[in-house]
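Undergrad: After the C-alpha cells below, expect a handful of questions from me.
All of the numbers you see were taken from the coordinates with simple rules; none came from a lab. Keep in mind that what you see is a predicted model, and the values were worked out from it rather than measured. Counting neighbours? That spans all protein chains shown, and the Cβs are built from the backbone with ideal geometry, glycine included.
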Amino acid sequence: MTKQLGKDDVEVSSTDVCYDGFFKISKLTLRHRKFDGEMTPWLSRELFQRGNAVGVLLYDPHFYRVALVEQFRIGALARDGSPWLHEVVAGMIDTDESPKQVAARESFEEAGVTVTVDQLLPICDYLVSPGGVDERFYLYCALVDLENVGGVFGLESENEDIRLATYSIPEAQQLMQTGAVDNSATIICLQWLLLNYTSLSVK
C-alpha cells in the first residue's frame, strides 16, 4: 500500500507577510516530497489567509421551505448577471466563539431568526479553495419556523444590506439551475437538503 504523505513531508524555509489588513497574504518558500520519494525543488507559493467561516441553511420542515439571503458580493461583480447573490446565512469566525456559536449569532443578525446551537445539524466542513486559500467553511442546517420571516437585515456598522426571503424546495432548486445560486456553500447546502429533507422531522 502506498504511504500517505503528510505534514512531515513538507519543509518550509521561510514565511513572509506580503499584506496584513482585513485579510492576510503570506509568501512561503517550501518544498515537499513527491510520490516517487524525492523532494521537489524549493518553491515559492502565496497563501491567502482569509480565516474560517460558517454557513447556515434555514429550513422549515413543516412547510418544506428554505430561507436564503440576498446581498451584493464584490467577488461576483465580473460575472454574467447580477452581483446580488442568493446565499445561505454566513459569516466569518473572527471571535473566540465556536463555529456553532457564530452560526447561531449570524442567523439572528442576517435573518432575524433565533437559532440555538442545539438546533444546528452539521452538514459538512470543507476547504474552500486549498490551492491558495486556507479558509475552512463549516455548514449547518437549522430546523426553524419560517412562517412569518422576511425583510431586510444586517449590521449597519458593517454596511450590511441583506434581504431575506423564503422558497419552496422546487423554487430553491430552480435558483440553482438558473445560476442565481452561484456559490459553493449554498449549492452544497441545497444539494444536501434535496438528499435529506424527507428524513428531517418537524420540531
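Undergrad: Treating the Cα atoms of the chain as identical point scatterers in vacuum, please give the log10 of the normalised Debye intensity I(q)/I(0) at q = 0.12, 0.15 Å⁻¹, two decimals.
TA: -0.71, -0.97
Undergrad: Can you pull out the trypsin sites (Lys or Arg not before Pro) in the stretch 1-43 whose DSSP state is coil and whose Cβ has at most 14 other Cβ atoms within 10 Å? Numbers along the way, then the final one.
TA: Values: sites: K3, K7, K24, K27, R31, R33, K34; in loops: K3, K34.
Listed in order of number, the matching sites are K3, K34.
Undergrad: Report the calculated FRET efficiency for D9 and W192 (r = Cβ-Cβ distance, R0 = 45 Å), to the nearest 0.05.
TA: Details: r = 33 Å, r/R0 = 0.74.
According to the calculation, E is roughly 0.85.
Undergrad: Through the Karplus equation 6.51 cos²θ - 1.76 cosθ + 1.60, θ set to phi - 60°, convert the phi angles of the stretch 26-32 into ³J(HN,Hα) values in whole Hz; use x for Gly and Pro.
TA: Result, ordered by residue: 10, 10, 10, 9, 8, 9, 9 Hz.
Undergrad: 222 nm [θ] for the chain, helices only, -39500 (n - 2.57) per DSSP H run of 4+, per residue, to 500? Don't jump to the answer; show the numbers that get you there.
TA: Details: 3 runs with 36 residues, N = 203.
Value at 222 nm, helices only: -5500 deg cm²/dmol.
Undergrad: Pull up all non-local amide H partners of L57: gap of 5 or more, or a different chain, and H-to-H distance under 5 Å with H placed in the peptide plane.
TA: Y140, C141, A142
Undergrad: With θ taken as phi - 60° and the coefficients 6.51, -1.76 and 1.60, list the Karplus ³J(HN,Hα) couplings across the stretch 144-157 in order, rounded to whole Hz; mark glycine and proline as x.
TA: So the Karplus estimates, Gly and Pro as x, are 9, 8, 10, 4, 10, 9, x, x, 10, 9, x, 8, 4, 5 Hz.
Undergrad: Something else now. Give the residue list of GluC sites (Glu not before Pro) in the stretch 1-78 that are DSSP loop and have at most 13 other beta-carbon atoms within 10 angstrom.
TA: On the way: sites: E11, E38, E46, E70; in loops: E38.
When the GluC sites (Glu not before Pro) of the stretch 1-78 are filtered for loop state and at most 13 Cβ neighbours within 10 Å, E38 remain.
Undergrad: What ³J(HN,Hα) values, in whole Hz, does the Karplus curve 6.51 cos²θ - 1.76 cosθ + 1.60 give for the stretch 180-185 when θ = phi - 60°, with x put for Gly and Pro?
TA: 5, 8, 9, 8, 4, 4
Undergrad: At 7 Å along Cα-to-Cβ for each site, give me the label-to-label distance between V117 and D36 in nm.
TA: So the label points at V117 and D36 sit 5.0 nm apart.
Undergrad: Find, among the GluC sites (Glu not before Pro) in the stretch 125-203, those assigned to loop by DSSP (not H, G, I, E, B) with at most 12 other beta-carbon atoms within 10 angstrom. If you can, show how the numbers build up before the last one.
TA: On the way: sites: E135, E147, E156, E158, E160, E171; in loops: E135, E147, E160.
Of the GluC sites (Glu not before Pro), the ones in loops of the stretch 125-203 whose Cβ has at most 12 other Cβ atoms within 10 Å are E147.
Undergrad: Could you work out the Rg to Rh ratio of the stretch 7-49, with Rh taken as the Kirkwood radius (inverse of the mean 1/r over all Cα pairs)?
TA: Details: Rg = 12.3 Å, Rh = 11.3 Å.
Taking Rh as the inverse mean 1/r over Cα pairs, Rg/Rh reads 1.09.
Undergrad: A follow-up question, please. Identify which of R65, R136, R50 has the largest mean-square fluctuation in a Gaussian network model of the chain, with springs joining Cα atoms closer than 10 Å.
TA: Ranking R65, R136, R50 by mean-square fluctuation puts R50 first.
Undergrad: Could you work out how far the C-alpha centroid of the stretch 153-176 sits from that of the stretch 107-143, in angstrom?
TA: So the separation of the two Cα centres works out to 15 Å.
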